[in-house]
Amino acid sequence: MEKVLHIKNMVCDRCIKVVKDELEKLSYKVKTIKLGEAVIDSTTNEINSDEIRKMLIDNGFELIDDKNSKLIEMIKVLIINNLHHKEELPAKFNFPKYLSKELGINYSHLSSVFSSVEGTTIEKFIIKQKIEKVKELLAYDELTLSEISYKLGYSSVQHLSNQFKHITGLNPTYFKKLKEQKRKPIDKVI
């Protein structure tokens, strides 16, 4: 017998390691774990949801119980994976088609649920995640703005610059010169 845990705010490999280690400390056998989800074996010991919930909260995560929250977390994980954990987006990457295909749900339904719960659109969430990735890449100072634009699937440097200025109030070049660059943790971008 196994139990699937849907977990909010798992956004990186480090998150996976923390959740796995903490579940094992609580004597749960982790069968599989990936961003947003852990599967534990419940044949060896009874699952104490309150204990798991507390451990997750103590480590900056949340246990998700309702259907819409699970769906929203899956949308976020798919977007974050593509923007922050892949080498580059293919040219003209179509997030609506991708999300619909991966989740097996019509995009208009995904969009409606996301907007009603999060108070923003999937498109705005994607743009804000892209801008955080741009900030990260600018801080590393290893790529030109043109290379960053290509890597994140922007149609042009101008398009990237316009979105960056609209979201941050600064142009990318000025942001790069700042000593204190105001970046946000991926799980706090909404």
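Report the gain in length on full extension from K184 to S155: 0.36 nm times residue separation, minus Cα-Cα distance, nm rounded to one decimal. The partial results should precede the final answer.
Numbers: separation 29, 0.36 × 29 = 10.44 nm, distance 2.45 nm.
Answer, rounded to one decimal: 8.0 nm.
Have a look at I47, P172, L26 and report the one farthest towards the positive end of the charge dipole of the chain, computed about the Cα centre with Cβ charges (Lys/Arg +1, Asp/Glu -1).
About the Cα centre, the residue reaching furthest to the positive side is P172.
How far is helix 67-84 tilted off the main Cα axis of the chain, in degrees rounded to 10, range 0 to 90?
The angle comes out at about 50 degrees.
Tally Lys and Arg at +1 and Asp and Glu at -1 over the other residues with C-beta under 14 Å from the C-beta of E147: what net charge comes out?
Values: positive: K133, K151, K176; negative: E87, E88, E136, D141, E142.
Spelling it out: positives minus negatives among the neighbours equals -2.
For L35, what accessible area in Å² do you get when you roll a 1.4 Å probe over the heavy atoms of the protein chains, rounding to the nearest 10?
Counting only protein heavy atoms, L35 exposes about 20 Å² to solvent.
Looking at the stretch 80-109, which GluC sites (Glu not before Pro) are in a loop (DSSP not H, G, I, E or B) and have at most 11 other Cβ atoms within 10 Å?
Working: sites: E87, E88, E102; in loops: E87, E88.
Answer by residue number: E87.
Using only Cα atoms, find the angle between the long axis of helix 107-118 and the longest principal axis of the chain, and express it within 0 to 90 degrees, rounded to the nearest 10.
Here the helix axis deviates by roughly 80 degrees.
Helix 13-25 sits at what angle to the longest principal axis of the chain, using alpha carbons and giving 0 to 90 degrees rounded to 10?
The angle comes out near 10 degrees.
Given a Förster distance of 25 Å, report the FRET efficiency between N162 and Y140 from their Cβ-Cβ distance, rounded to the nearest 0.05.
Values: r = 22 Å, r/R0 = 0.89.
Once rounded, the FRET efficiency stands at 0.65.
Arrange the peptides 2-11, 163-172 so that the one whose residues have, on average, the most other Cβ atoms within 10 Å appears first. Before the final figure, lay out the partial values.
Values: 2-11: 19.2, 163-172: 16.0.
The peptides rank, most packed first, as 2-11, 163-172.
Roughly how many Å² is the accessible area per residue of the stretch 123-186, as a whole number, for a 1.4 Å probe? List each step's numbers first, then the result.
On the way: 3830 Å² over 64 residues.
Ligands and nucleic acids excluded, the figure is 60 Å² per residue.
Gap in Å between the Cα centre of the stretch 1-62 and the Cα centre of the stretch 115-152?
29 Å
Show K25, K17 ordered by accessible area, largest first, where the area counts protein heavy atoms only and the probe is 1.4 Å.
Details: K25 145, K17 120 Å².
Largest to smallest exposure gives the sequence K25, K17.
Return the inverse of the average 1/r over all pairs of distinct C-alpha atoms in the chain, which is the Kirkwood hydrodynamic radius, in Å to one decimal.
Working: mean 1/r = 0.0552 Å⁻¹.
With all distinct Cα pairs of the chain included, I get 18.1 Å.
Taking all protein chains as present, what is the carbon and sulfur share of the accessible area of the chain, in % to the nearest whole number, probe 1.4 Å? All intermediate terms of the calculation are to be shown ahead of the outcome.
Details: 5430 of 10890 Å².
Answer for the chain is 50 percent, counting heavy atoms of protein chains only.
The values are calculated or read from the model by the stated rules, or taken from the named source; none is laboratory data. What you see is a predicted model; the values in this text were computed from it and never measured. Positions of Cβ are backbone-derived with ideal geometry, glycine not excepted, and every protein chain shown enters the neighbour counts. Each accessible area value is taken on the protein alone, full model and side chains, heavy atoms only, with ligands, DNA and RNA left out. Shrake-Rupley method; radii C 1.70, N 1.55, O 1.52, S 1.80 Å.
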